[in-house]
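K.L.:
This is the structure I have questions about; it appears just below.
The values are calculated or read from the model by the stated rules, or taken from the named source; none is laboratory data. The model shown is predicted, which means the values in this text are computed figures rather than measured ones. Using ideal geometry, Cβ is built from the backbone for each residue, glycine included, and neighbour counts are taken over all protein chains shown. Areas reflect the complete protein model, heavy atoms only, side chains present, ligands, DNA and RNA absent. Shrake-Rupley method; radii C 1.70, N 1.55, O 1.52, S 1.80 Å.
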Amino acid sequence: MQYRREIEGLRALAVIPVVLFHAWMPGLGGGFAGVDVFFVISGYLITRSILDDSAQQRFTLLQFYERRARRILPALVPVLLVSLLLAWVTMIPPDFRKFSQSLAASTGFAANMLFARKTGYFEDDEGFAPLLHLWTLSVEEQFYIVFPVLMLALLKLERHFTAQRGRVLLAAFAGLALASFAAGLIVQDNDPALAFFTLPTRAWELLVGAACAALPAGRTRGWPALAGLAMTGMGYVLGDPSATPGWALLLPVIGAALVLRHAAPQNLAGKLLNLAPLTAIGAASYGIYLWHNPLLATLDYVWLGDPPLWITGGTVALAVLLGFASLHLLERPVRDGRLLRSPMALVLGCGAMLAVVLALGIAGHLRWLKPRSAPVNQALGNHAPPGERVWEIVPHGTRPLRFIVYGDSFARQYFPALAKRYGDGALYTAPGCLGLPGLTNFADQSEAAQDCASRPAQLAQIVRERKIGTVIWAQRWEREMFETGSLRSVGKSSGKGWTAVRLGIERLRRTLPPETRVIIVGNAPTAAAAGDAMEGGYVRCLAFINIVCPSSYPRALAEGHRINPLLAGEVIRLPNARFFDPAQVLCDGTDCALMRQGKAIYHDWTHLTDFGADTVVRRFAAENPAL
């Protein structure tokens, strides 16, 4: 296949916006679309290679996959190992476990499927962040498994239609591309992560490149190539993360296709793409792409807020330097056969290294391999109460139960300590749900919203059926509230919406038997008021290198300082009811604690550690010795 320097230039124009996007460059909201340009280039080059080799009757699947392995694997393994080291040094245990999952998935080129299930490309999921960019590699490798076989079948079919030579390929590529594009639009509405990360919804971009390669050779024209460059640049500026994949991606994808078809050394677009700096960056683009994201993600992990420009620029420069080192020390020597010359040496060498990386990823997932922060995490007790993902527990049978814990995650966190002190009880909670008769904190009609709206009636039924003596009702009470039918906002629970919330509490109390005691637990102070540093809990705060972590914050800033007095006043009006304020345990007259007795109070921005919940329940039990 003839080498085209302008393709190297186009690669540079693909990798540069991706790196700048991840380096938080303003004005490049669609810089992530550089990966879509890479997809078009890959589809073009792979198809051109298969067609050329097939025309000379020298194409074999074994040789094809060997070329792919020589291109992909040698540069990938060092990035994975260094990323593991950076994660081990910097991350807290929950994030390190997520990283380990992505590490294992990346070695099997299934990272895109993991991310489709676990996260979103534009979400702040720090454990997955260092290797999040490897979803593109997974998509390409999955495409390479299927596409050569499809090509061989289509070429064989084409021999039976000699008058339609070339049209069979184009028709197949066009049909599959349209189906893939339509699938992306449909899936994006229901499951954006699945639409973003998976091959079926991304194959159209590679197939556009394949179609360019399958088109008969024609005269190159300068203006379509320039238009293609302009469209690609517009895609980088106008791209919308919330609507990806979608119609906006047609700009960079079609733009890249026009460049591939029409850019040539003799026209202006080709001359621009042939500039030495661009072709040099393009040649090293694979290594630059591999290295930039782990380095920038690590910087983001250890620096609270926006890093100084010189640090970000230095990190980008390091990624570029490592990319060029990868090109000259690994990629070209292995591709040219100077290293790992034989296929067997390639398989054994790369296979052994990938096996080691896979084993380390699995060890991290199973918690056999723990990060450097694990001893500190253990010493500070920085973990959630047991059963963090258990939301409902209603013991089987008909025997009466002493208590039931009702509410959201702010209620669930108390259940293990309450069960330890009071014995048999029930748990009836749902994440993020403040459900009152006729009132909810959900502003939609989703399944979760409907479940939340049904909870007050279900609670009353459980209480009556199991003759429950006490309802312990805890919530994140500070929320905007909505009418369940009209979804009309009634305002904040501690402000304009308080009247509706008060009436909802009274209505729920009337649905319960008079002899059932209700204990309303106020809003926990949370760590959110201490600022962004505490978003991931105290140990996560310790990972930042540019701040000193606080051990307390002013009580006047505590979440719940407005709603809790209103709840206390309301309880006086309710029959057989009491109020308990966690702030009386976690705060003194002036400050609210984030650390106490050498232990962390919160394991994330809002939820208590096992120690924190036990501290609150100990005071609760002293005030309520019997239920």
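K.L.:
For the subset of segment 529-565 comprising residues that are touching a Phe, Trp or Tyr at 6+ places or on another chain (Cβ under 6 Å) and surrounded by fewer than 18 Cβ atoms within 10 Å (Cβ to Cβ), which member is nearest to Ser493 (Cα to Cα)?
P.N.:
The qualifying residue nearest to Ser493 (Cα to Cα) is Glu535.
K.L.:
Turning to a different aspect of this structure: Yes or no: Trp368 modelled with pLDDT of 90 or more, within 24 Å of Pro525 (Cβ to Cβ), aromatic (Phe, Trp, Tyr) and open to solvent by 20 Å² or more (accessible area, probe 1.4 Å)?
P.N.:
Spelling it out, it is not the case that Trp368 is modelled with pLDDT of 90 or more, within 24 Å of Pro525 (Cβ to Cβ), aromatic (Phe, Trp, Tyr) and open to solvent by 20 Å² or more (accessible area, probe 1.4 Å).
Conditions (1) among the β-branched types (Val, Ile, Thr); (2) surrounded by fewer than 21 Cβ atoms within 10 Å (Cβ to Cβ); (3) in contact (Cβ under 8 Å) with a residue 12 or more places away in the chain, marked per residue:
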residue	(1), (2), (3)
Val376	yes, yes, yes
Ala379	no, yes, yes
Pro385	no, no, yes
Glu392	no, yes, yes
Arg402	no, yes, yes
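K.L.:
Filter segment 503-525 down to residues that are of a type outside the set (Val, Ile, Thr) and open to solvent by less than 50 Å² (accessible area, probe 1.4 Å), then give me how many there are.
P.N.:
The number of residues fulfilling the criteria is 11.
K.L.:
Could you grab the pairs with beta carbons closer than 7 Å, sequence gap of 6+ or different chains, first residue in segment 569-589 and without any contact (Cβ under 8 Å) to a residue 40 or more places away in the chain and more than 16 Å from Val471 (Cα to Cα), second one open to solvent by 40 Å² or more (accessible area, probe 1.4 Å) and in a helix (DSSP H, G or I)?
P.N.:
Cβ pairs passing all conditions: Val585/Arg619.
K.L.:
Filter segment 464-493 down to the residues that are closer than 13 Å to Asn441 by Cβ and among the hydroxyl-bearing types (Ser, Thr, Tyr), then identify the one that is least open to solvent (accessible area, probe 1.4 Å).
P.N.:
Ser493
K.L.:
Okay, next question. Out of Leu73, Leu114, report the one residue that is modelled with pLDDT under 95 and in contact with a Cys (Cβ under 7 Å, 6 or more places away or on another chain).
P.N.:
Leu73
K.L.:
Does Ala111 qualify as being touching a residue at least 60 places away in the same chain (Cβ under 8 Å) and open to solvent by less than 20 Å² (accessible area, probe 1.4 Å)?
P.N.:
no
K.L.:
Go through segment 406-435 and give me each residue that's open to solvent by less than 20 Å² (accessible area, probe 1.4 Å) and assigned to a loop (DSSP other than H, G, I, E, B).
P.N.:
Within segment 406-435, Asp408, Gln413, Tyr414, Ala430, Cys433, Leu434, Gly435 qualify.
K.L.:
Checking Glu141 against (1) over 29 Å from Ala543 (Cα atoms); (2) free of Cβ contacts under 8 Å to residues at least 24 places away in the same chain, which single condition isn't satisfied?
P.N.:
All conditions pass for Glu141, except number (2).
K.L.:
Just to be sure I understand the filter: pairs with C-beta atoms under 9 Å, separated by 6 or more residues or on different chains, first member in segment 477-505 and closer than 17 Å to Ser454 by Cβ and part of a loop (DSSP other than H, G, I, E, B), second member open to solvent by less than 60 Å² (accessible area, probe 1.4 Å) and among the aromatic types (Phe, Trp, Tyr). Which pairs pass?
P.N.:
Once the first residue is closer than 17 Å to Ser454 by Cβ and part of a loop (DSSP other than H, G, I, E, B) and sits in segment 477-505, its partners that are open to solvent by less than 60 Å² (accessible area, probe 1.4 Å) and among the aromatic types (Phe, Trp, Tyr) give Thr484/Phe442; Leu487/Phe442.
K.L.:
Which is under 16 Å from the mean Cα position of the chain (by Cα), of a type in the set (Val, Ile, Thr) and more than 23 Å from Ile50 (Cβ to Cβ), of Thr107, Thr136, Thr119?
P.N.:
One residue alone meets the criteria, Thr119.
K.L.:
Might you check whether a residue that is out of contact with any strand residue (DSSP E or B) (no Cβ under 6 Å at 6 or more places or on another chain), without any contact (Cβ under 8 Å) to a residue 40 or more places away in the chain and β-branched (Val, Ile, Thr) occurs anywhere in segment 334-344?
P.N.:
No: segment 334-344 contains no residue that is out of contact with any strand residue (DSSP E or B) (no Cβ under 6 Å at 6 or more places or on another chain), without any contact (Cβ under 8 Å) to a residue 40 or more places away in the chain and β-branched (Val, Ile, Thr).
K.L.:
Of all residues in segment 332-352 being of a type in the set (A, V, I, L, M, F, W, C) and outside any helix (DSSP H, G or I), which is most open to solvent (accessible area, probe 1.4 Å)?
P.N.:
Per the criteria, the residue is Leu339.
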